[in-house]
1. For the stretch 207-235, give me each residue that is open to solvent by 10 Å² or more (accessible area, probe 1.4 Å) and within 16 Å of L169 (Cβ to Cβ).
2. Got a sec? Which of A170, A130 is at pLDDT 80 or above and either more than 30 Å from F201 (Cα to Cα) or surrounded by 14 or more Cβ atoms within 10 Å (Cβ to Cβ) (or both)?
3. Can you find a residue that is open to solvent by less than 50 Å² (accessible area, probe 1.4 Å) and more than 19 Å from the chain's Cα centre (by Cα) anywhere in the stretch 76-98?
4. For the stretch 143-167, give me the residue count where each residue is among the β-branched types (V, I, T) and modelled with pLDDT under 85.
5. Looking at the stretch 26-45, which of the residues that are open to solvent by 30 Å² or more (accessible area, probe 1.4 Å) and under 23 Å from the mean Cα position of the chain (by Cα) is nearest to L249 (Cα to Cα)?
6. Going through T45, T68, T53 one at a time, which residue ends up being of a type outside the set (F, W, Y) and closer than 16 Å to L214 by Cα?
Amino acid sequence: MPDISLTTVVLLCLAALAAGWIDAVVGGGGLLLLPALLLGLPAGTPAAHALGTNKAVAIVGTTGAAVTYARKAPVDVRMAVRIGLAALAGSSGGAFLAAGMSTEVLKPVIMVVLLAVAAFVILRPAFGTAPATGPATRRQIFAAIGLAGLGIGFYDGLVGPGTGTFLVLALTALLHLDLVTASATAKIVNCCTNAGALATFAWQGAVLWQLAGLMAVFNLAGGMFGAHTALKKGSGFVRVVLLTVVFALVANLAYEQWVA
């Protein structure tokens, strides 16, 4: 483990706890966890080590949240895994292209999309509050595999921020799920994409395993607590958190685009 003060380790663990809760409820925990690692690791630490450690921490919390949801929410695990495998393929393609492509031009487009999403959710109070009327049709499943799997997976590999939030929104719209079930399904999909990314970073030796192991304990606790909170509070609560995370994403992207 790198030479990090005890105070910094404690702060990183608290960030992992909060990120796990946010990610379990509606996605977007990486908005907190990755910047915390970039700030907390010693100067000169390669950015890849922060990214790899972030994935090693996040996959534990995501898995804990997915298991918690699967036990208590009506999740179609088989369908979620199919979407997740497509997302894994999409994220691999996005990561491959990311090396030779500037993502700066995409950020304003993503901000516009996020603001449009926020406006849609605000103007449609019933969005994601009604339970699914029945099993998804074959056409809906194929659309989810294409857009939520390949499309958002590709975005995750190419750019990244807000992937979990985009998954929740896409699954709610395409499969007509309520927001709690969509969050549960998104966690299983996230497990697949995180596993692929972690394998790549581990192969490159870009994971700080000791620090990741310690933070993962807190991320797991946050993820399981977040899943319990979403299940208890229901779709109305998830909707509020969703809008909060969307506006935080817009603010973060705007800062990176025009200030940083």
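The values are calculated or read from the model by the stated rules, or taken from the named source; none is laboratory data. All figures in this text were calculated on a predicted structure; none of them were measured in a lab. No Cβ is skipped: glycine too gets one built from the backbone with ideal geometry, and neighbour counts run over all protein chains shown. Surface accessibility is based on the protein's heavy atoms, side chains included, excluding ligands, DNA and RNA. Shrake-Rupley method; radii C 1.70, N 1.55, O 1.52, S 1.80 Å.
1. Selection gives S235 alone.
2. Values: A130 fails: at pLDDT 80 or above.
Answer to the selection: A170.
3. There is no residue in the stretch 76-98 that is open to solvent by less than 50 Å² (accessible area, probe 1.4 Å) and more than 19 Å from the chain's Cα centre (by Cα).
4. Taking the stretch 143-167 first, the residues among the β-branched types (V, I, T) are 145, 152, 159, 163, 165.
So of that shortlist, the ones also modelled with pLDDT under 85 come out as 159, 163, 165.
Looking only at that region, the number is 3.
5. Going residue by residue through the stretch 26-45, those that are open to solvent by 30 Å² or more (accessible area, probe 1.4 Å) are 30-32, 34-35, 38-39, 42-45.
If we keep only those that are under 23 Å from the mean Cα position of the chain (by Cα) too, we end up with 30-32, 34-35, 38-39.
Details: G30: 10, L31: 7, L32: 11, L34: 13, P35: 13, L38: 17, L39: 18 Å.
This residue is L31.
6. On the way: T45 fails: closer than 16 Å to L214 by Cα; T68 fails: closer than 16 Å to L214 by Cα.
Residue meeting the stated conditions: T53.
Rundown of residues vs (1) open to solvent by 20 Å² or more (accessible area, probe 1.4 Å); (2) under 23 Å from V246 (Cα atoms), yes/no style:
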| residue | (1), (2) |
| --- | --- |
| L17 | yes, yes |
| A24 | no, yes |
| A47 | yes, no |
| T53 | no, no |
